[in-house]
Structures are given as C-alpha cells and as structure tokens.
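Below is one structure, written out as structure tokens, with a few remarks after it.
Laboratory data are not the source of any read-out in this text; all were calculated from the coordinates shown. Note that the coordinates shown come from a computational prediction; the quantities given were computed from them, not determined experimentally. Here Cβ is always computed from backbone atoms with ideal geometry, including for glycine, and neighbour counts include all displayed protein chains.
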Amino acid sequence: MIALLKKRSTHFILALLLGILTGLTQIPTLIGISAFVATVFVSLLKLISIPLIFLAIVSTITQMKDMQEFRILGVQVFKYTVLTTIIAASIGLILFLIINPVQVSTTLEIAQTMETPAGTYWDYLIKGIPSNFVAPFSEGNVIAVLVLGLMMSFAILALPTTQKNLLSDVFTALFAAILEIAKTILLFIPIAIWAFVTEFVATLETMESLETIGLFLACVLLANLIQAFIVLPGFLKYKGISPIKVFKAMSPALNVAFWSKSSAATLPLTLQCAKERLGISEKTAGFSLPLCTAINMNACAGFIIITVLFVAMSNGIDFSILEMIAWVFIATLAAIGNAGVPMGCYFLALALLSTMNVPLTLMFIILPFYTFLDMLETTINVWSDACVTSVVDAESTITKSPRK
C-alpha cells in the first residue's frame with residue numbers, strides 16, 4: 001500500500017491544482033459535487049476509524065510472546081518507548097501553543113455550525129472509562145476505545161499460550177481486513193483531495209489561511225527536529241552513551257528510512273547496523289528493534305497532537321488546557337498503535353478527527369506536503385528505535401551476563 005501511495009504523489013499534486021481551479025470558478029454545480037464527494041469520503045473514514053485504532057493497538061501489543069517476555073525486556077522497551085513518545089507529544093503541544101498556527105480569521109465558514117463539546121474536564125475523563133464494549137465504538141469515543149484496546153491487549157497476553165495465540169491471530173486478521181478496506185478507500189484519495197480543496201478555496205477569503213498552513217508545517221518540522229537533535233541525543237547522553245557513536249553506526253539505516261518512508265522495510269538493515277556496527281547483543285536487538293518498529297513512533301505522536309489541535313481549532317472547536325494535556329496521552333497511545341497503518345500517522349490523525357465530527361478539509365490541504373514530513377518522521381522513528389535499543393542493551397541484565 002505504501003508503494004501504491006508513493007506512485008500517487010503526482011496524482012495528489014494534480015488533484016490539489018485542479019481543486020484550486022475548481023474552487024476559483026465558483027460554479028455552483030461543481031461546488032455541489034465536491035461537497036457530495038467530501039461527505040461520502042468522510043462517511044467511509046468514520047466507518048473504519050474506530051475499529052482501525054482499536055485493532056491496531058491490540059494486534060501490535062499481542063505480538064509479544066507472553067507476559068514473561070514483556071516483564072524481562074518488554075518492560076524496558078515499553079518504558080522508554082512511552083517516555084520518549086510522551087516527550088515528543090508534549091513538545092508538539094508546547095510548540096503549538098507558542099507558534100499558535102490557528103487564527104480566528106481563518107476559520108472556515110462550515111465551522112460556524114460546530115459546537116464546542118459541553119461538560120467539565122471530569123466529565124471528559126469519565127467518558128474515557130467504558131461502561132460496556134459496544135458504546136465506545138457506536139459513540140466514537142476515542143479515549144474509551146484506547147482504554148479498551150490496552151485492557152484487551154494485556155488480558156490476552158496473560159492467557160495460556162494456545163488461547164493467546166488464537167486471539168492474537170484473530171485480531172491480527174481483523175486488522176488486516178480493516179487495512180484492506182482502508183486500501184480500497186485510499187484509492188480514491190485524489191478525488192477526495194479535489195473535493196476538499198475545492199470547498200476550501202471556495203470559502204477562502206484571505207491569504208492568511210495559507211499562512212496558517214505554513215505555520216502548521218513549521219510547527220511539525222520544529223517538533224521533529226527538537227526530538228531528533230536535542231531530546232534523543234540528550235537521552236543517550238544521560239544514560240552514558242555517545243549519541244555520535246550511535247548515529248554514525250546507524251547512519252546507513254537512517255538513510256534508507258528517509259527514502260523508503262517505511263520503518264518495517266528498513267528493519268533488516270536496522271538490525272544489521274545495530275549488531276555489527278553498534279555492538280548491540282543479538283538477543284536485545286532481535287527483541288527490541290522489531291518491537292520498537294511496531295510501537296515506538298516518536299514523530300507520529302508529535303504530528304498527531306499538532307494536527308488534531310490545528311484542524312479542530314481551525315474549525316471552531318475549543319480545548320481547555322487540561323483537554324490539551326489529555327491529548328498528549330491520546331496521541332501517545334495512538335502513535336503506539338500506529339504499526340501497519342497506511343500513510344502512518346497522517347491516516348491515524350485523519351481517523352481521530354473523523355470520530356470528532358470535525359470537517360476534514362484542512363487535512364487534504366496538508367496531504368500534498370505530507371510526503372516530505374513522512375520521510376522525516378520515519379527517519380526519526382528509526383533513530384528513536386536505535387536510541388531506545390542502545391539504552392535497553394546497556395541496562396539489561398540479560399545482555400550483561402557472561403557469554404559462553
């Protein structure tokens with residue numbers, strides 16, 4: 001699917017240009033058609049968004065062999081993965097508040113019909129505690145679905161091996177089926193881009209709207225660069241490991257990650273660099289790197305929180321500071337469940353927004369720029385994998401035991 005989307009980059013640009021032209025014509029018939037296409041596409045996204053998030057998390061975590069494996073190396077990998085991902089999401093939130101890419105004057109006309117979610121912050125948290133297995137899916141309650149996904153994942157890991165493998169295979173197969181549906185929907189993305197860009201241009205009143213897109217992209221890029229060049233090297237330095245040594249050893253894998261835009265495709269080279277060039281033990285590398293490839297998505301968390309807040313607030317939805325902090329953890333969990341999702345964090349952010357009934361026009365304005373962002377984010381994710389694995393290897397009692 002990734003290869004398919006790469007080939008369609010030209011189609012995305014053409015759809016963007018055609019949408020601009022169509023929007024400028026202000027022809028009522030074409031505007032009406034674009035509104036119809038946009039509505040259909042949003043409905044299809046809502047169809048798969050919640051199951052996609054739930055199954056991504058469950059199928060990813062249940063890939064571990066058992067709770068014993070999780071307790072030995074998994075706890076260390078998971079601990080540092082969550083830590084670095086939360087930091088990435090927090091940086092994204094801080095930069096979003098500082099740069100403030102959302103301008104009141106750029107709010108789309110459709111946003112005037114949006115209502116700010118009612119209730120206190122405690123009501124918001126209570127809604128995240130599911131009362132049954134069906135309601136979170138029917139109501140599109142993202143937080144409750146994430147909680148259910150984690151509960152189900154760890155419950156499955158605690159089962160006997162036969163039952164654990166059976167349920168893991170079932171959820172993995174269901175996730176694969178949802179991805180097939182997503183693959184079909186993504187075939188029509190160029191048409192959706194045309195429709196959303198047409199609506200956007202038709203309601204565009206000033207060039208300030210385009211300036212906010214630039215501020216949004218700057219926010220995402222800066223968050224990624226801070227994570228890559230300050231946070232992760234600082235993490236290694238704090239643990240007594242040379243960032244330069246790790247970077248030089250992993251540079252071939254980082255180069256491939258940048259151009260391939262796929263952590264999974266880079267994994268064989270990542271393993272080779274870690275073992276042969278960095279000196280990571282075979283046991284730690286063989287466990288940590290595949291697991292990190294599945295759940296360690298630092299750059300994804302930053303992109304998700306910035307994108308969700310940007311698109312939602314641009315469409316008239318307000319968030320309290322406590323709700324924004326809650327989104328740090330939502331973005332972290334969503335990033336952990338990002339494994340195998342087509343177009344990575346972009347599609348996951350799209351799914352989260354669709355469950356909030358937020359107009360997705362801006363998401364399709366962002367899409368043509370996402371190719372470069374995806375290259376950078378994949379590289380940072382692999383870099384983070386290497387950093388986490390280096391620390392786990394240095395701390396693991398298993399790898400420190402005498403070798404025969």
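Summary table below
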| quantity | calculated |
| --- | --- |
| Cα-Cα separations in the range 161-240 greater than 18 Å, expressed as whole percent | 73 percent |
| Too-long pairs where the Cα-Cα distance tops 31 Å, listed order kept, from Lys79/Lys261; Lys183/Lys283; Lys237/Lys261; Lys248/Lys283 | Lys183/Lys283 |
| For Thr212, Thr162, order by how many other beta-carbon atoms lie within 10 Å, fewest first | Thr162, Thr212 |
| Under 5 Å, built H, 5+ apart or other chain: amide partners of Ile27 | none |
| For the range 45-58, Karplus couplings with θ = phi - 60° (6.51, -1.76, 1.60), whole Hz, Gly/Pro x | 5, 5, 4, 9, 4, 5, x, 4, 5, 4, 5, 4, 5, 5 |
| Total charge dipole magnitude, the range 230-283, about the Cα centre, Cβ charges on Lys, Arg, Asp, Glu only, Debye to nearest 20 | 140 debye |
| In sequence order, calculated HN-Hα J values of the range 239-253 (Karplus, 6.51, -1.76, 1.60; Hz; x Gly/Pro) | 8, x, 10, 6, x, 5, 4, 5, 5, 4, 5, 9, 4, x, 5 |
| HN-Hα J in Hz across the range 297-306 - Karplus 6.51, -1.76, 1.60, θ = phi - 60°, x for Gly and Pro | 10, 4, 5, 5, 4, x, 5, 4, 5, 5 |
| Exposure proxy order (Cβ contacts within 10 Å, fewest to most) of Val358, Val134 | Val134, Val358 |
| Packing-based exposure ordering (other Cβ within 10 Å, fewest first) of Thr25, Thr355, Thr62, Thr332 | Thr25, Thr355, Thr62, Thr332 |
| Neighbour-limited loop hits for GluC sites (Glu not before Pro), the range 153-235 (at most 12 other Cβ within 10 Å; DSSP other than H, G, I, E, B) | Glu205 |
